[in-house]
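First comes the structure, then the notes that go with it.
The values are calculated or read from the model by the stated rules, or taken from the named source; none is laboratory data. These figures come from a predicted structure and were not determined experimentally. Cβ placement follows ideal geometry from the backbone for every residue including glycine, while neighbour counts extend to all protein chains displayed.
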Amino acid sequence: MENTNTSLSHIHESLGAKMIPFAGFNMPVQYTGVTLEHLNVREHVGVFDVSHMGEFIIRGEGAFELVQKITSNDVSKLVDGKVQYSCLPNGNGGIVDDLLVYRISANTYLLVVNASNIQKDWDWISTHNTSGAVMENISARTSLLAVQGPKATLAIQSLTDMNLSEMNYYTFQKGVFAGKENVLISTTGYTGAGGFEIYVKNEDVEDVWNAVMESGKSHHILPTGLAARDTLRLEMGFCLYGNDIDDSTSPIEAGLGWITKFTNDFVDSDRLKKQKENGVDRTLVGFELIDKGVPRQGYDVLNDRNETIGTVTSGTMSPSMKKAIGLAYIPKAMKTVGSEIFISVRKKRLKAKVVSLPFYKD
């Protein structure tokens, strides 16, 4: 099957980006190099094309009821202009997807979902839409840029009258940006470096990209690929769907109890409440390699008796800390910070220790 281009794929190619198929899209994995791009986001500012993400509008009288039923967080806590991180429990103790819920108004919500799950999520939400909510999938006509890094505000403030420096984490505004109307700007970054997400129509995104690159030039802005996005999120201990969470992992096991509220009934709330009260057998932890090597997804985690006790879900050599880090599911009894575990790397048994998250502390 042919991969879909974003509205900016031709620009990435002209910049010499290495393009890869990702979730059905033709995406830039890196431009000048993962480490350089990663460190530039930590120190200055980078811009990612993440237009592959999915966007659904849920509106109408039944909108609140539907979103409250399908998501694990408490949507009643949202006010206009606020965003919530949440997940879609699958009814069997696992996760359909993790997502962002934007409250546009009391009866209008924007759901932002992972690219690989757009159809799956749409079908899942549709089957639970018994309240008559109007659903609209705007993914194919919506582009998304993530401008990330400590210089992000300086880089793009000149392009809008919206006061970006006053925006708190997990909020959004709508307004004119780079001369384009009805642009949604939010602060829900996936890098731990601060910054903004810019939702714009496909036909406007090339102008917006060019304006962002120009206005950010004096602040060392660089186009940044998905590889650096992955190392940045891993340094923060943020979960990636398909790696650290999926249909077989519960939000309680994944350390997402904080987005699993039991103030109302939702899909799987009874099962997950029991897990929270009684505890779970395994839990997602962060670890750091003591011996030399790099952990990768799928590597076995061993105890001191050489027994397999878990699996690495994400792993890399941290560009910021120059340490090998990873996430893994292990027995709850071993989750204490400092616990010694071993990672099986190419038939070698490498010593590691459980550490607290995030790995990277600014």
Test for residue 266: is it assigned by TED's automatic domain parsing to the domain that holds residue 92, in a loop (DSSP other than H, G, I, E, B), without any contact (Cβ under 8 Å) to a residue 60 or more places away in the chain and surrounded by 14 or more Cβ atoms within 10 Å (Cβ to Cβ): no
Output the number of the condition that residue 131 fails; it satisfies all remaining conditions of (1) surrounded by fewer than 17 Cβ atoms within 10 Å (Cβ to Cβ); (2) modelled with pLDDT of 95 or more. (2)
Given the options 315, 298, name the one that is over 16 Å from residue 237 (Cα atoms) and either aliphatic (A, V, I, L, M) or touching a residue at least 12 places away in the same chain (Cβ under 8 Å) (or both). 298
Go through the stretch 134-164 and give me each residue that's hydroxyl-bearing (Ser, Thr, Tyr) and surrounded by fewer than 18 Cβ atoms within 10 Å (Cβ to Cβ). 158
When the stretch 167-218 is examined, which residues are found to be part of a helix (DSSP H, G or I), of a type in the set (Val, Ile, Thr) and touching a helix residue (DSSP H, G or I) at 6+ places or on another chain (Cβ under 7 Å)? 212
Can you find a residue that is crowded, with 18+ Cβ neighbours inside 10 Å, among the hydrophobic types (A, V, I, L, M, F, W, C) and within 20 Å of residue 113 (Cβ to Cβ) anywhere in the stretch 208-218? no
Per-region count, the stretch 103-120, residues crowded, with 16+ Cβ neighbours inside 10 Å and either polar (S, T, N, Q) or farther than 14 Å from residue 52 by Cβ (or both): 11
Is it true that residue 345 is touching a residue at least 24 places away in the same chain (Cβ under 8 Å) and over 20 Å from residue 190 (Cα atoms)? yes
Would you mind stating whether residue 354 is modelled with pLDDT under 95 and of a type in the set (Val, Ile, Thr)? no
